[in-house]
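Working notes for the structure below.
The values are calculated or read from the model by the stated rules, or taken from the named source; none is laboratory data. The structure displayed is predicted, hence computed values, not measured ones. Every residue, glycine as well, gets a Cβ built from its backbone with ideal geometry; the counts of neighbours run over all protein chains shown. Note: areas computed on protein heavy atoms with side chains; ligands, DNA, RNA excluded. Shrake-Rupley method; radii C 1.70, N 1.55, O 1.52, S 1.80 Å.
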Amino acid sequence: MGLKDKLHKLKLKYKDKKMAPAFNAIHTFLYLPNEITHSGAHVRAADDLKRTMNTVIMALIPCLVFGMFNAGYQHHLAAGEIEAVTSGFFSGEFWTWNNFTVGLWKVLPLVVISYGVGLAVEVLFAVIKKHEVEEGYLVTGMLVPLIVPIDTPLWMLAVAVIFGVVIGKEVFGGTGMNILNPALTIRAFLFFAYPTWMSGDKVWVHGAVERANEIAGGAKLDAISGETVLGSLAQGKELSYSASDMFLGFIPGSVGETSAVLILLAGLFLIFTKIGSWRIMLSGVLGALAMGLIFNGIVSADWISESSKFYSLMSTEFWHHLIIGGFAFGIVFMATDPVTASQTNKGKWIYGFLIGFISILIRVFNPAYPEGVMLAILLMNVFAPTIDHYVVQGNIKKRMKRLKLKTA
């Protein structure tokens, strides 16, 4: 008797028991369900929730692996142990085992805590409510470690995950019923509950504070602080990274958000597999470019002085906004969440454009938190049903007008 048959027997044995959801979850995670639909008309398709989630995870894996290398690279670079890479993706100084081990040592615990705590809460709610364990957390569990600073304390992440799963999803009825993206709910909780760990210029590079205190008694503190591009611009400093560095991802930042090229490839993969909405992605980019052009126009028209704290971000090339911060990652992986995004085609255009537009608006006018994509997506999650409502009502009015014309 194979493992699949043994698990299926256990599943049947504990069918009416309290822990049935746990056995069902293990069986469904490893194998396809044995049950099939026998009655009723339904659409036959090769995709299901598990395949959809696995496809998104496949798109996230390159960002995760690169993030591990980059975490180690930024750590060693800040310590003065290596020189900055000069040959892009093919640099031997970047793809080294030392860089990977540091990144793996710091990132893997974040992944384990995210999945372990999140799935435990999911199973607990399934047991209490006596329903199947939902698979919606498979993607959320991978997204969370990729959007937090590298040195986020594990206990802090565990508390945030519990909050995000319970308040962000379960209170609304579980997967498919939530109105806010769970991963961003977790990130928002971390930001507002523990702001000193989520922003500033010491949290994005592993060991930045310790290294700064070790080198010359802290005399080189600013030199190795490891602040992000957005953090630097928000303080009125000049851009210190080249466009190629920002596009490829050799910059400090959250684990999975730095490499725009890998995020772009992931977006194309999700569009090809019809998992992600190209309308939301494209309209989000257009919205960001539009807002960036407006700010560039304000600066070029001398409406704002160079002494203004907003000048650096306003004068940033409009297309640079696409490759710095977490904008690209948010548009590709979280704005396109099919549960919390708009469902109508016209609504997706409006929804995506407003996310891009508002993201850059918040980024420029909120120096305390220059990364605006998280707040923009959460805001539009709330308004997505309203957008769809008015789109549907507009379509109904058009059809009623056509009907009146025909009957007249």
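Return the residues of the range 141-166 that are within 11 Å of Val121 (Cβ to Cβ) and either in contact with a His (Cβ under 6 Å, 6 or more places away or on another chain) or open to solvent by 10 Å² or more (accessible area, probe 1.4 Å) (or both); say none if nothing qualifies.
Ala158, Ile162, Phe163, Val166, listed by residue number.
Would you mention how many residues in the range 395-408 are surrounded by fewer than 12 Cβ atoms within 10 Å (Cβ to Cβ) and within 15 Å of Lys346 (Cβ to Cβ)?
Here the count works out to 4.
Pick out the one residue from Ala120, Ala71 that is within 24 Å of the chain's Cα centre (by Cα) and either within 20 Å of Pro252 (Cβ to Cβ) or of a type outside the set (A, V, I, L, M) (or both).
Ala71 is the lone residue from the list that is within 24 Å of the chain's Cα centre (by Cα) and either within 20 Å of Pro252 (Cβ to Cβ) or of a type outside the set (A, V, I, L, M) (or both).
Can you tell me which residue in the range 363-408 is nearest to the chain's Cα centre (by Cα), limited to those that are under 30 Å from Ser315 (Cβ atoms) and of a type in the set (D, E, K, R)?
Restricting to residues being under 30 Å from Ser315 (Cβ atoms) and of a type in the set (D, E, K, R), the top hit is Glu371.
Kindly provide the set of residues from the range 148-170 that are under 24 Å from Val382 (Cβ atoms) and assigned to a loop (DSSP other than H, G, I, E, B), ordered by number.
Val148, Lys169
Has the range 301-322 got at least one residue that is open to solvent by 10 Å² or more (accessible area, probe 1.4 Å), modelled with pLDDT of 95 or more and more than 24 Å from Tyr369 (Cα to Cα)?
no
Given (1) open to solvent by 20 Å² or more (accessible area, probe 1.4 Å); (2) assigned to a helix (DSSP H, G or I), where does Gln343 come up short, assuming only one miss?
Of everything listed in (1) open to solvent by 20 Å² or more (accessible area, probe 1.4 Å); (2) assigned to a helix (DSSP H, G or I), Gln343 misses just condition (2).
Cβ-Cβ under 9 Å, sequence separation 6+ or interchain: first residue in the range 69-80 and on the phi < 0 side of the Ramachandran plot and surrounded by fewer than 24 Cβ atoms within 10 Å (Cβ to Cβ), partner of a type in the set (Asp, Glu) and assigned to a helix (DSSP H, G or I). Which pairs?
Taking only residues 6 or more apart or on different chains, the pairs are Ala79/Glu214.
If the requirement is being surrounded by fewer than 16 Cβ atoms within 10 Å (Cβ to Cβ), at negative phi, in contact (Cβ under 8 Å) with a residue 12 or more places away in the chain and of a type in the set (Phe, Trp, Tyr), which of these qualifies: Trp95, Trp105?
Going through Trp95, Trp105 in turn, the sole match is Trp95.
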